[in-house]
Amino acid sequence: MSAPGSIVVPAVSERARRLERAIGIAALLGIVATVCLGLWVTPADQVQGDLVRLVYLHPGVAWVALYLAFGLAAVSSLLYLWPRTRSLFWDRLAAAAVEVGVVFNACTLISGSIWGRPTWGVWWAWDARLTSTAVLLVLFLGYLALRRVPAEPEVRAKRSAFVALFAAVDVPIVHFSVLWWRTLHQGATVLNPDLSPTIHGSMAWTLLLGFVSLTLVFVWMLLVRYRIGVLEDALAGRELDAALRERRAEGDPDGADTPADDQRTLAPLDQREGERVAVEAGSAVLREGAR
Amino acid sequence: MWRDGLLVAEKDLRIEARSRVALSQVVPFGVVALILFAFALGPDRTQMARGAPGLFWVAVLFCAVLAVQRSVSVESADGARDGLRLSGLDPAGMFLGKTAAVGVELLVLEAVLAVGVVLLYGVHIVTPWLIVVSCLLGAVGLAATGTLYGALSAGLRVRETLLPFLLLPIAVPVLLAGTRIWQAALASGVASDGTPWLRLLVVFDAVYLALGVVVFGPLVESA
């Protein structure tokens, strides 16, 4: 199926696919179980009532976003920059981690807001933790914005890795400055909610299950996003080749078979959902680049 | 490294001395920002004096973005960036030189804006040394991060829009620390101790200066 000069889509091994599917199913089951336990099995809190049920979700989402995803992104960016371990694998892993992390980060803020409104009376409070989470979100949105700039994969990888590095270095400084900003000022009004005074029995287990299943969801999304990243790059390369052939054919009236050829190479890609997303994203990247 | 740094800084400052872009465009923009802030707050001077520290640093931050844009665009014409790369200068020196040039421009800007804040917002400075030190450390920090991001975005067509988005969130600690130090230094401000914030600024500057010295070489190569 590969026309001369086109890049063959790297085949994902059957074992990797099976692992991905298994993790996906485990994550789904875990989430369903957490929801059932959280909504029906566990009792309502004495003080907070049904609001306490957000506790099964919110800390787990925050753990994934703030530590797992962004930690992984920082480490893999560093490994990409290190000449000995330089490989596009780390770049794609970092990109996938940041993208999933940004989603989880937004979910952290949203679920926190939903909890904060009835508890504190406001959707948003300038609490230290909230503020640094928001700054982190903005920092990594910048990373994603940079990634959208069309470029050669290696150039983009290096650039993105540097931005991730600069941002990661900033995170502890932002954390401390925001902490002091709250506490050195009017210390008495620092919102330090006592989330769950006593947690035991079914509540503790549900909380733990929530952590595990959200971590599984993260891993599954990471794997899928990584696979899409590989396909995107392959597609961008392939479409570039097709465009080049088309341009060459313009000077050569007999070389009019290129568009059909292009269709044929792309056809098998449409079979699965992930690939279709990749096709759209890849051609968007190419259109951007052509402009 | 130091000699190369001096050379690059001298080059950038000489360009600035001849073109006067920062002096005739960036500094007046800062003053415009101060006037706009006053309009937003209303004519009440006590409110202005209370907000003065933060507004000063927000104006500095916005102007820093412009100064960095200018520092990058100086290199973009006539293949100057390639010339600089081929010149054999130490990349660490190049980083320090660019940083120093932007830093000097920011210091001039801060001096003008500080006078503007005193005159327009009617603030009274109690401990001037805190103001001076915070301006110095803030200028170094903003120049260092700005130079890093400027080099990173140098070759990009979307540089003008991307640079502020990348640079401003990174500079959050400078804004917070600078504002708190100013509050400590002003009579109308909230009484708060400035020294931990000075330390924070020193750490911020040291981290990004060190990072720049180490990574500027590969960074310029990739841009």
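By how many degrees, between 0 and 90 and to the nearest 10, does the Cα long axis of helix B:159-170 differ from the longest principal axis of chain B?
60
Given a Förster radius of 22 Å and the C-beta distance between A:V212 and A:F89 as r, what FRET efficiency does 1/(1 + (r/R0)^6) yield to the nearest 0.05?
0.25
Counting other Cβ atoms within 10 Å of each Cβ, which trypsin sites (Lys or Arg not before Pro) in segment A:81-110 have at most 16 and sit in a DSSP loop?
Taking segment A:81-110 and a limit of 16 other Cβ atoms within 10 Å, the loop trypsin sites (Lys or Arg not before Pro) found are A:R86.
Could you go through segment A:235-240 in sequence order and give the Karplus-derived ³J(HN,Hα) for each residue, using 6.51 cos²θ - 1.76 cosθ + 1.60 with θ = phi - 60°, rounded to whole Hz, and x for Gly and Pro?
Values per residue, Gly and Pro as x: 5, 4, x, 5, 5, 4 Hz.
Where Lys and Arg each count +1 and Asp and Glu each count -1, what net charge lies around B:L89 among other residues with Cβ under 15 Å from its Cβ?
So the environment of B:L89 carries a net charge of -2.
Would you kindly derive the ³J(HN,Hα) couplings of segment A:40-46 from the backbone phi angles with the Karplus curve 6.51 cos²θ - 1.76 cosθ + 1.60 (θ = phi - 60°), listing them in order in whole Hz, with x for Gly and Pro?
With the stated coefficients, segment A:40-46 comes to 10, 7, 6, x, 6, 6, 5 Hz.
Once you put a point 7 Å from the Cα of B:W129 and another 7 Å from the Cα of B:E160, both along the Cβ direction, what distance in nm separates them?
The modelled label-to-label distance comes out at 4.5 nm.
Per residue Cα convex hull volume for segment B:6-61, in cubic angstrom?
Enclosed volume per residue, from the Cα hull, is 82 Å³.
Once you have a ≥ b ≥ c as the square roots of the Cα gyration tensor eigenvalues for segment A:43-186, tell me rounded if a/c is under 1.5, and otherwise prolate or oblate according to whether a/b is larger than b/c.
Here segment A:43-186 falls in the prolate category.
So what J values fall out for segment B:134-139 if you push phi through Karplus, 6.51 cos²θ - 1.76 cosθ + 1.60 with θ = phi - 60°, rounded to Hz, Gly and Pro as x?
5, 5, 5, 5, x, 4
Two-decimal Rg/Rh of segment B:2-222 from alpha-carbon positions, Kirkwood Rh?
0.99
Nearest 10 degrees, 0 to 90: what angle lies between the long axis of helix B:172-185 and the longest principal axis of chain B (Cα atoms)?
Its long axis makes an angle of about 40 degrees.
Each reported figure results from applying straightforward, stated rules to the coordinates on display, with no laboratory input. The shown structure was predicted, so the numbers you read here are calculated from the model rather than taken from an experiment. Counting neighbours? That spans all protein chains shown, and the Cβs are built from the backbone with ideal geometry, glycine included.
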